[in-house]
Amino acid sequence: MSAGPVERCLSRAEIVRFLEGERPPGVHASEGDIAAHLEACEPCRKSRDNVLHELSGLEQSLSLLWTRERISCPHRDILAAYLHASLPGDQSDYVRFHLEIVGCDACAANLSDLREADREEPPAIQRVRDDVLRSTTAFLGKRKK
Ligand SMILES: [Zn+2]
Ligand SMILES: [Zn+2]
């Protein structure tokens, strides 16, 4: 099937996908045709503008940049860091946007996977931090005497 004009209006989720730099599944038109449709079709233009508005309403450092660079799914390491709240603000905003607004199933599954793994074994970083803390305390204790 060759790419043709957009045969129907896009849903909001599809517009978000498109703005993220992916072709929405089930839409066969080329990128240019989709862009043209979003420009020409009043309802679609409105939802696109809404989405863009939401995007720019998020913290300034957020992800239009990421979006333009077509980084869509964050790496699993990033998701893990997000889970442990150790991501810098802009990245964690992006991940939240990706999960909650885009509603990416793959990443949601990944995240619950990571949560599961966390429950099964105590985080290694925590253990290391405790060890360091203990030996530092011991060291300082020795120096005081
Ligand atoms: Zn439309
Ligand atoms: Zn994703």
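A short reminder: the numbers here are calculations on the coordinates, not readings from a lab. Everything numeric in this text was worked out from a predicted model, so none of it was measured. Reconstructed Cβ throughout: ideal geometry from the backbone, glycine too, with neighbour counts over all protein chains shown.
Fewest to most neighbouring Cβ within 10 Å: what's the order for 49, 93?
Values: 49 12, 93 18.
By the 10 Å Cβ count, ascending, the order reads 49, 93.
Expressed in nm to one decimal, what extension gain is obtained for the pair residue 76 and residue 105 from 0.36 nm per residue of sequence separation less their Cα-Cα distance? Could you put the intermediate results ahead of the total?
Details: separation 29, 0.36 × 29 = 10.44 nm, distance 1.35 nm.
Value of the extension gain: 9.1 nm.
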Would you tally the net charge around residue 10, using a Cβ to Cβ cut-off of less than 15 Å, leaving residue 10 out, and scoring K and R as +1, D and E as -1? -2
Cα-Cα P(r), the stretch 1-57, percent of pairs per 10 Å interval: 26, 59, 14, 1
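What is the extension gain from residue 116 to residue 22, computed as 0.36 nm multiplied by their sequence separation minus the C-alpha to C-alpha distance, in nm to one decimal?
On the way: separation 94, 0.36 × 94 = 33.84 nm, distance 2.93 nm.
Additional length available on full extension: 30.9 nm.
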Where labels lie 7 Å past Cα in the beta-carbon direction, separation of residue 12 and residue 53 in nm: 1.2 nm
